[in-house]
Amino acid sequence: MTGMQSRYEETYRRSLADPEGFWAEAAEAIDWDRRWDKVLDDSNPPFYRWYPGGRLNTCHNALDRHVAKGRGEQAAIIYDSPVTGQVRSFSFREMRDATALIAGGLKALGVGKGDRVILYMPMVPEAVMAMLACARIGAIHSVVFGGFASRELATRIDDCKPKVILSASCGIEGHRIVPYKPLLDGGIELSSFKPEACVILQRPQLEAEMIPGRDHDWQEWIAKAEPADCVSLEATDPLYILYTSGTTGIPKGVVRDNGGHAVGLYWSMHGVYGMKPGETFFAGSDIGWVVGHSYIVYAPLLYGCTAILYEGKPVGTPDAGAYWRLISQHGVSACFTAPTAFRAIKREDPDGKLIGNYDLSKFRTLFLAGERGDPPTVQWAEEHLKIPVIDHWWQTETGWTIAGNCVGLGMLPVKYGSPTKAAPGYDLRVLGTDGHEVPPGTIGALAVKLPLPPGSFPTLWQQEERYVSSYMAEFPGYYQTADAGYIDEDGYVFVMARTDDIINTAGHRLSTGGMEEVLAGHPDVAECAVIGAADELKGQVPVGFIVLKAGVARSNETISREVIQLVRDKIGPVASFRTAIVVERLPKTRSGKILRGTMRQIADGLEYRMPATIDDPAILDEIADHLKAAGFCRKVG
Ligand code: COA
Ligand code: AMP
């Protein structure tokens, strides 16, 4: 389809001119127990509430109603796990029944509406069922990504105070078994708040030790459970909390409501992704991330699609044809993953030879997000797959696309390096530091004029003030995305860089500030800085610089090794923190501000201007020598 035929412009215009009409119409696709009193409550900005007075249940909309309407025998989830050698399909009916039992099990443990439940689980069907089971009884789930270590788990336990934690004995990372139980026990030991109970799914790959009185065996727990029905919830009741990196080590608890979430995600399945109910959607992510919440679990199921739950990697399980095998075997129509996955595939199979071994005839569209869709990767995928490759931009906070080529409305022409135009519902602007809009083509802060559409976060968990101060205060009346970029004359959005210290490593969102806090905790470290340096595969990787305290006699290598291990232990392997450089001093301005931006330019092999206020220019040469020795300072991409 060409731009001429696209319904994008009229749809976008209507979504902004008449948001209540637009989102009332979209809400008709959802089963409500009670209709809303008002589509949008805008009486208390910057807090906006969608569908107040409306009542529904998200699990009912994702499972039960499909069974009632004739989709009971269709696969809801296909669990494809090359790491355990299994492929298992669960129909909507089976999912509903299994979920109802878990919901009953949770009730038996005293979990009810509004109680929090943490899930610290690998990519197994029980994890998806458990998320939906929480939704079924109005409990609020908070999934913690398995690649995070105990300390990260502990901060989340202390913040959301879960009554129960659901976990498993282990995860499987390629060919490596990751014991989860010691990490779980460590997290609970570190946290001040203690959950009443843990339920552990024992996997045959590794049996976990149970703590009597606290831990329950998943199978025994389910064997005793009575199925529980869906409860009716307010549209504005929280469905889940998902923690995401902030600028400090304390993560932000992004809250998602029930009503707006169901409507926004449902709409996105046809509007953004151009899917039809009954088709198969594959999101190559993890349930611990927002992409996993929205597009492995909720959106496909709400829409009546089959969702793929893939416990494997794009490469190495067993090879770079893993995605093609999956797509052909399960007749996938749309795949959504991070560009880093494609860079990994391209590195192993540069000519895309493995693609030819599979029947990809049902595969219509590839969607990329999580980091900028770099043109070489997008073009490689286009050339070898011969289907549209769609870069779209979104965040944990928004839950779905802020800007993207809305396939369901008819594709717009592609401009490489741009996720195309703002999605319906998002009144996206570029603001200068004075808060005024800047002309087309000028870089500024990407900000969304309030209200955010349904599905975006209504608040942070028990941190309303932080919601305002982090996102809404800088530009009153706008949500500031913390991404900088520009919009060109044609309305195409270009997302350039984060304006805070968040970096993106293999599509994972990480805080360099959080890593600095860990490095500073090492007894020999006087000062430190962490920057994100460009990386061929992962997009960015963290690089740490440390200055040792006077009189430290141990070798630099030993201390580097120790701080690398410290980040792995405190934050987790997902940080990919592998480079820690001991330096005499850090480059600073005369007022003492560390010149992280200049260090990053050096690391990326870019031209940089000597900051006029630098206190000692010679230090930059030292930094450059170290970075070169560590393999950086080359232009990437
Ligand atoms: N549980 C435990 N450990 C995990 C984990 C999990 N769920 N996920 C990742 N890790 C570990 C990895 O095993 C690795 O450990 P290592 O340092 O011992 O090797 C470390 O965390 C870093 O992981 P990652 O950055 O993902 O690197 P990788 O080399 O394992 O894989 C890719 C690289 C590109 C193949 C992989 O990141 C990928 O498939 N990414 C694309 C899809 C995606 O997940 N996107 C996220 C949001 S859309
Ligand atoms: P997360 O909350 O983990 O989804 O990370 C969100 C951040 O990832 C955004 O603020 C961007 O910095 C970055 N990001 C995600 N998708 C894109 C994209 N398509 N283009 C550019 N940056 C992106």
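The values are calculated or read from the model by the stated rules, or taken from the named source; none is laboratory data. Nothing here was measured: the structure is a model prediction, and the numbers come from that model. Cβ sites come from the backbone with ideal geometry, for glycine too, and all protein chains shown count toward neighbours. All accessible areas refer to the heavy atoms of the entire protein, side chains included, with ligands and DNA or RNA removed. Shrake-Rupley method; radii C 1.70, N 1.55, O 1.52, S 1.80 Å.
A probe of 1.4 angstrom, applied to the heavy atoms of all protein chains, finds THR337 with accessible area near 10 square angstrom. As a test, work out the antiparallel percent of DSSP beta bridges whose residues both lie in the stretch 506-629, rounded to the nearest 5. Taking every DSSP beta bridge within the stretch 506-629, about 75 percent pair in antiparallel fashion.
Above 24 angstrom, tally the Cα pairs of the stretch 506-629 and express them as a % of all pairs, no decimals. The calculated P(r) of the stretch 506-629 puts 25 percent of pairs beyond 24 Å. Residues in the stretch 508-522 carry Karplus couplings, in order, of 9, 8, 10, 9, 5, x, x, 5, 4, 4, 5, 4, 5, x, 6 Hz; the curve used is 6.51 cos²θ - 1.76 cosθ + 1.60 with θ = phi - 60°, and Gly or Pro positions show x.
Counting only protein chain heavy atoms and rolling a 1.4 Å probe, the accessible areas of LYS449, LYS593 rank, largest first, as LYS593, LYS449. Considering only alpha-carbon pairs that sit under 8 angstrom and 6 or more positions apart, the relative contact order computed for the stretch 221-335 is 21 percent. Computing FRET efficiency as 1/(1 + (r/R0)^6) for GLU207 and ARG176, where r is the C-beta to C-beta distance and R0 is 25 Å, gives about 0.90.
Can you give me the Rg/Rh ratio for the stretch 41-146, using Cα atoms for both radii and the Kirkwood formula for Rh? Looking at the stretch 41-146, the ratio lands at 1.05.
Within a straight-line Cα-Cα reach of under 18 Å, LYS38 can be paired with the following aspartates and glutamates, leaving aside sequence neighbours fewer than 8 residues apart in one chain: ASP18, GLU20, GLU25, GLU28, GLU234, ASP237, ASP257.
Cross-link partners for LYS549 among the lysines, with Cα-Cα distance under 26 Å and sequence neighbours closer than 8 places in the same chain left out: LYS570, LYS588, LYS593, LYS628. For the chain, the relative contact order is 12 percent, taking Cα pairs closer than 8 Å that sit 6 or more residues apart in sequence and dividing their mean separation by the residue count.
Residue pairs exceeding 24 angstrom between C-alpha atoms, taken from LYS113/LYS276; LYS421/LYS449; LYS276/LYS346; LYS346/LYS415; LYS362/LYS386; LYS362/LYS421: LYS113/LYS276; LYS276/LYS346; LYS362/LYS421.
For ALA630 and SER591, FRET efficiency with R0 = 22 Å and r from the beta-carbon atoms, rounded to 0.05? It comes to 0.15. If R0 is 22 Å, the Cβ-Cβ spacing of ALA473 and ARG14 corresponds to a FRET efficiency of close to 0.15.
In this simple spin-label model, placing a label point 7 Å from the Cα along the Cα-to-Cβ direction at both ARG214 and ALA29 gives a separation of 4.4 nm. With N the number of residues in the stretch 225-345, Rg(Cα) / (2.2 N^0.38 Å) evaluates to 1.20. For the stretch 506-629, a simple Cβ point-charge model (Lys and Arg +1, Asp and Glu -1, everything else neutral) yields a dipole of about 300 debye relative to the Cα centre. By the rule of a C-alpha distance below 13 Å, with chain neighbours fewer than 8 residues away ignored, the aspartates and glutamates paired with LYS353 are ASP319, GLU383. Contact order, relative form, for the stretch 506-629: 22 percent (alpha carbon pairs under 8 Å, 6 or more residues apart, mean separation divided by residue count).
Sum -39500 (n - 2.57) across every DSSP H segment of at least 4 residues in the chain, then divide by the residue count to get the 222 nm mean residue ellipticity, nearest 500. Walk me through the intermediate numbers first.
Details: 17 runs with 171 residues, N = 637.
Helix contribution divided over all residues of the chain: -8000 deg cm²/dmol.
So for the chain: antiparallel DSSP bridges make up what percent, rounded to the nearest 5? Looking only at bridges with both residues in the chain, the antiparallel portion is about 60 percent. Shown for the chain: the carbon plus sulfur share of the solvent-accessible area, taken with all protein chains present and a 1.4 angstrom probe, equals 50%. Each of PRO388, ALA526, PRO46 was scored by the projection of its Cα onto the charge dipole of the chain, and the greatest displacement toward the positive side belongs to PRO388; charges sit on the C-beta of Lys, Arg, Asp and Glu. Ligands, DNA and RNA excluded, the heavy atoms of SER469 present near 80 Å² of accessible surface to a 1.4 Å solvent probe. Does the chain classify as rounded, prolate or oblate by the C-alpha gyration tensor (a ≥ b ≥ c root eigenvalues; a/c under 1.5 gives rounded; else a/b over b/c gives prolate, otherwise oblate)? Since a/c stays below 1.5, the shape of the chain is classed as rounded.
Between amide H atoms placed 1.01 Å from N, distances below 5 Å from MET275 occur with HIS270, all of them 5 or more places distant or on a separate chain. Rolling a 1.4 Å probe over the protein chains gives LYS276 an accessible area of about 120 Å².
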